[in-house]
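Below is one structure; the comments refer to it alone.
The values are calculated or read from the model by the stated rules, or taken from the named source; none is laboratory data. Since this is a predicted model, take the numbers as computed values, not measurements. Every residue, glycine as well, gets a Cβ built from its backbone with ideal geometry; the counts of neighbours run over all protein chains shown.
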Amino acid sequence: MAGPRAGSASGDAGPPRASEGAGGRGDRLATERQYKTIPFQYQLTTNASSETPASDDKGEGIVARRLLALVLLLCGLSGVAHASPGSKLWEFRAGGQIWGSLTHDAGTLYFGSDDHRVYALDTASRKLKWTFRTGGKVRAQPAVAGDRVFVASDDGFLYALDRATGRQLWRFDLKASDLHRRPPSADNSYFDFLQSSPVVHEGRVYVGSLSGALFAVDAATGRQVWTLGTLDAIRGNPVVHGGSVYFGSWDDHLYAVDLKTGKPVWRVDTGGIVQSTPSIDQGRVVIGNRAAKLIAYDAETGKQVWSHDYADGSWVESSAIAAGGMLYVGSSDSLKVSAVTADTGRELWQFKTGGWTWATPVLANGTLYIGALSGYPYYFEGVTLRHGFHAIDAATGREKWSFALPRVAGYVTGGVAAAPAVAGGIVYVGAIDGRIYALKE
């Protein structure tokens, strides 16, 4: 199947420009306009206080501030130990809405925002390590591999950043050109709100594009290895399993592609637009679509194993996660998250979130964490959330606790669209109001 022309890696400063040729070298240049280490610039709020430290440290001031930081850190750890589950420990305000999922790695939280930036936030000190500005909204989840962070932006580029400093190492042209991007609003039915997130495997970065192509890119150099074209945008994340990479497309199809060659192993028509990410478990690939179906296919052959239908016509935007013979997945108009058996697709329980449950759930220590969104009327009644984030017992479907989020202006009026990150007894939640909330697990 013919795909678009090969992308390129380019490194000019400032806003991205047109490709400088197929398969070009990854540029290792960056400017102060693109990356900057900013210890304190954005607002951080705890339950106790909020402060903006001075920008320079001299003499005794250094010692005093370091001692104060140590005391605050120890107090913070004590607070975590004694806080009740679901209580807010602290929050961090970014410069725009947060739609992409969070990545926590070695004490640092990586995430993107609608202010065009990628953030690296130290979760112990609550200091911002660095930010990197792209040319568009960042609604993809960053991938961390070795000393690099990889992230895709709505400007149509895949970026490789230095993990320690946020400096641009290279960027790769995904040939996207912001293809029919429309934010959720009352005058469109596209809801094309996500960007495919990169996945790193054995020295290659795999990522989908709004141009309809899946790219395999050398992680070290930013050179294209291969590309495979589809007939519409790829907004879900690729998943590597065995010798194949699996992904869905807005052309209604689910694809299995050979990792080495980029040639299709099989493809199958799911019957509806695929915005979600495949889940692979026990030799089956499970995917949701906008035809109100959650479908399982044989991972080797693409043959359908079972299909779970949503009687109310609800889109399955959420990506299923597999654990212990179960699949957990959210839905749109059904306003719920469900647990279904992985072998038959039979629903065991459902929990009503009260909002569009587009987010991908996260399972940790027997608890399922998932967010939901509220919005104005469109084809159906308006959705008004009482709580935008939920902790649910994975075995029973009963709520353990919930967290209320503030209302924001717009068609989507609040809540959580991103998968959280769970680490060290803390649940990190990225919300539509542009804040990161640190909640007690």
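Structure summary
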{"read-out": "Residue in segment 352-375 that is over 22 Å from the mean Cα position of the chain (by Cα) and in a strand (DSSP E or B) present", "value": "yes"}
{"read-out": "Test: residue in segment 292-309 that is acidic (D, E) and either closer than 23 Å to L210 by Cα or buried (at least 20 other Cβ atoms within 10 Å of the Cβ) (or both)", "value": "no"}
{"read-out": "Subset of segment 414-425 (residues that are surrounded by fewer than 21 Cβ atoms within 10 Å (Cβ to Cβ) and either in a loop (DSSP other than H, G, I, E, B) or more than 17 Å from the chain's Cα centre (by Cα) (or both))", "value": "G424, G425"}
{"read-out": "Enumerated strands (runs of 3 or more DSSP E) restricted to segment 194-249, each holding at least 3 residues that are in contact with a Phe, Trp or Tyr (Cβ under 8 Å, 6 or more places away or on another chain) and more than 20 Å from Y297 (Cα to Cα)", "value": "204-208, 213-218, 224-229"}
{"read-out": "Residue in segment 116-130 that is modelled with pLDDT of 95 or more, crowded, with 20+ Cβ neighbours inside 10 Å and of a type in the set (F, W, Y) present", "value": "yes"}
{"read-out": "Search result, residues across segment 89-111 that are surrounded by fewer than 16 Cβ atoms within 10 Å (Cβ to Cβ) and in a strand (DSSP E or B)", "value": "R93"}
{"read-out": "Selection from segment 390-408 of residues that are part of a loop (DSSP other than H, G, I, E, B), more than 17 Å from T357 (Cα to Cα) and over 22 Å from the mean Cα position of the chain (by Cα)", "value": "A395, T396"}
{"read-out": "Test: residue in segment 112-120 that is in a loop (DSSP other than H, G, I, E, B), more than 15 Å from Q168 (Cα to Cα) and touching a Leu at 6+ places or on another chain (Cβ under 6 Å)", "value": "no"}
{"read-out": "Members of segment 212-251 found to be buried (at least 24 other Cβ atoms within 10 Å of the Cβ), touching a Leu at 6+ places or on another chain (Cβ under 6 Å) and either charged (D, E, K, R) or farther than 24 Å from G283 by Cα (or both), listed by number", "value": "A233, R235"}
{"read-out": "Yes/no for E347 being surrounded by 21 or more Cβ atoms within 10 Å (Cβ to Cβ) and acidic (D, E)", "value": "no"}
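This table checks each residue for (1) in a loop (DSSP other than H, G, I, E, B); (2) at pLDDT 95 or above; (3) at negative phi.
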position: G136; (1), (2), (3): yes, no, yes
position: R139; (1), (2), (3): yes, no, yes
position: F150; (1), (2), (3): no, yes, yes
position: D155; (1), (2), (3): yes, no, yes
position: T165; (1), (2), (3): yes, yes, yes
position: W170; (1), (2), (3): no, yes, yes
position: A176; (1), (2), (3): yes, no, yes
